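Okay, structure first, notes after.
The values are calculated or read from the model by the stated rules, or taken from the named source; none is laboratory data. In this text, all values refer to a predicted model and were calculated from it rather than measured experimentally. All Cβ positions, even for glycine, are placed from backbone atoms using ideal geometry, and neighbour counts span all protein chains on display.
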Amino acid sequence: MDAPPIYGLPQDTLHQIFSSLPLRQIMICRSVCKLFNQILTSSSFIHLISTQKPPLSLLALRPPHHQRHVSHSAAALHVYDPNQNQWLRFDLSFLPFRSLHPVASSPGLIYLWGDLPDSPESNKSLIACNPLTRLYRVLPQLGSAWSKHGSVLVDSLNKVMVLTELAALFFSNSNHWLKFSSNLPSKPRSPILMLNSVYALCDVGSPWRSQWKLFCCNLSSLTNSQQFWHCLERREWGDVFDILKRPRLVRGVGNRILMIGGLKSSFTLNASCSTILILRLDLDLLEWEEAGRMPVEMYRCFSESSKFKVFGMGDKVCFSAKRVGRLALWECEKGGGGEWRWIDGLPGIGDGPCRGFVYEASLNALP
């Protein structure tokens, strides 16, 4: 049989044809035939589209705790494409590790905890991986205590931190972790790494009443003999930390931080909440503003749950709670407002709350 006419086209012509497709369609075309896969995985094609295609912004789910020990062949990352309103599945079985558990992301990469094939479960390692190119890098090995109790923070330059209540590890362009005392007044809540600094909420109140404060640590201080956190506060902020119940932080767009929690109906000890409020802090001006609040009809699904989970980054924030069965999504608009909608069809999470992160998928990111 004669070869199809497409086989006779020059490589440059094929590159130009495929480069006109969206990133999502390029990934689908890889599985059509060997020729397409060879063309679309070549270094020359990846270099070409790296200057033309923006990353694909996806919402990735972390597997529930009871699903950490899935079989190697079933290891996968479930992601949601908000633009196409569709769930996708990225196969992770190419990684030669056991008990894979995705926890964080940086542009183009995801970070997972995993066990080396021949190592005991007490020796956990962090793996940086690009699921689109199937390239990965193993960071220096850590113990299971860090994977169980530490929050993994990554910035746009692939600086990595594992933060716990008592200590932290920092890794950047070296072959070892830098360990230091966290020196925080309480367990850090929803810490984030951005603009060369780490931000976290800490409860400085009493056992009977919470009092939340925002703490900051500049990464440049890690090279000095003393590392310290300082509390960010201004008299003009007033009671901004008192109006939210169970606040948590999300990295916003540019130099902005989002603080999210239930909006208290009063300042009494066990006050009920009327909705979920999103506040935005400009780190240059150190001024808060309201970014959005959940519509009342949507909040009714969350009002029966004492706790809800929040994850996201930039202009996308997701909300999940037990027995809700779907995600609520807030997307910030360029004009300053926000759009709220539901995400249905969650893949295999049961009735528990979801955790996750935003994954900026791209073909040119290297671990």
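Which residue is modelled with the lowest pLDDT, if the candidates are limited to region 135-156 and must be in a loop (DSSP other than H, G, I, E, B) and not small (Gly, Ala, Ser)?
Filtering region 135-156 for residues in a loop (DSSP other than H, G, I, E, B) gives 139-141, 150, 155-156.
Within this subset, residues satisfying the condition of being not small (Gly, Ala, Ser) are 139-141, 155.
Details: LEU139: 90, PRO140: 86, GLN141: 83, ASP155: 87.
Only one residue fits best here, namely GLN141.
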Picking from LEU100, LEU112, LEU132, LEU126, the residue that is in a loop (DSSP other than H, G, I, E, B), among the aliphatic types (A, V, I, L, M) and either crowded, with 23+ Cβ neighbours inside 10 Å or in the same structural domain as ARG62 (by TED's automatic domain parsing) (or both) would be LEU132
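Residues are listed down the side, and each one gets a yes or a no for (1) touching a residue at least 60 places away in the same chain (Cβ under 8 Å); (2) aliphatic (A, V, I, L, M):
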| position | (1), (2) |
| --- | --- |
| ILE243 | no, yes |
| ARG246 | yes, no |
| LEU249 | yes, yes |
| GLY252 | yes, no |
Given the criteria out of contact with any helix residue (DSSP H, G or I) (no Cβ under 8 Å at 6 or more places or on another chain), in a strand (DSSP E or B), in the same structural domain as VAL317 (by TED's automatic domain parsing) and under 25 Å from PHE170 (Cβ atoms), does ARG248 qualify? yes
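The rows are residues; the columns are (1) among the basic types (Lys, Arg); (2) touching an Asp or Glu at 6+ places or on another chain (Cβ under 8 Å); (3) at pLDDT 80 or above.
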| position | (1), (2), (3) |
| --- | --- |
| PRO10 | no, no, yes |
| PRO22 | no, no, no |
| GLN25 | no, no, yes |
| CYS33 | no, no, yes |
| LEU40 | no, no, yes |
| LEU56 | no, yes, yes |
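Sort through SER119, SER174, SER144 and tell me the only one that's touching an Asp or Glu at 6+ places or on another chain (Cβ under 7 Å) and surrounded by fewer than 18 Cβ atoms within 10 Å (Cβ to Cβ).
On the way: SER119 fails: touching an Asp or Glu at 6+ places or on another chain (Cβ under 7 Å); SER174 fails: touching an Asp or Glu at 6+ places or on another chain (Cβ under 7 Å).
On inspection, the qualifying residue turns out to be SER144.
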For region 94-126, what are the residues that are among the polar types (S, T, N, Q) and more than 22 Å from LEU56 (Cα to Cα)? SER99, SER119, SER122, ASN123, SER125
Subset of region 313-347 [assigned to a strand (DSSP E or B), under 18 Å from the mean Cα position of the chain (by Cα) and charged (D, E, K, R)]: LYS316, GLU331
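How many of the residues in region 183-222 are part of a helix (DSSP H, G or I) and either among the polar types (S, T, N, Q) or more than 19 Å from PHE171 (Cβ to Cβ) (or both)?
In the first step, residues of region 183-222 are kept if they are part of a helix (DSSP H, G or I); the result is 219-222.
Checking the rest, the ones that are also either among the polar types (S, T, N, Q) or more than 19 Å from PHE171 (Cβ to Cβ) (or both) come to 220-221.
Looking only at that region, the number is 2.
If we keep just the residues of region 256-312 that are aromatic (Phe, Trp, Tyr) and under 24 Å from PHE215 (Cβ atoms), which is surrounded by the fewest Cβ atoms within 10 Å (Cβ to Cβ)? Quick ask: steps written out before the conclusion?
At the first step, the residues of region 256-312 found to be aromatic (Phe, Trp, Tyr) are 267, 288, 299, 302, 308, 311.
After this cut, where a residue has to be under 24 Å from PHE215 (Cβ atoms) as well, the list is 267, 288, 308, 311.
Details: PHE267: 9, TRP288: 18, PHE308: 22, PHE311: 22.
Among those residues, the one meeting the criterion is PHE267.
Checking the conditions here, which among ILE276, ILE260 is part of a strand (DSSP E or B), in contact with a helix residue (DSSP H, G or I) (Cβ under 7 Å, 6 or more places away or on another chain), assigned by TED's automatic domain parsing to the domain that holds LEU166 and farther than 21 Å from LEU169 by Cα? Break it down stepwise before answering.
Details: ILE260 fails: in contact with a helix residue (DSSP H, G or I) (Cβ under 7 Å, 6 or more places away or on another chain).
Of the residues listed, the single one that is part of a strand (DSSP E or B), in contact with a helix residue (DSSP H, G or I) (Cβ under 7 Å, 6 or more places away or on another chain), assigned by TED's automatic domain parsing to the domain that holds LEU166 and farther than 21 Å from LEU169 by Cα is ILE276.
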How many residues are in a helix (DSSP H, G or I), of a type in the set (A, V, I, L, M, F, W, C) and under 25 Å from ARG89 (Cα atoms) when one looks only at region 1-47? 12
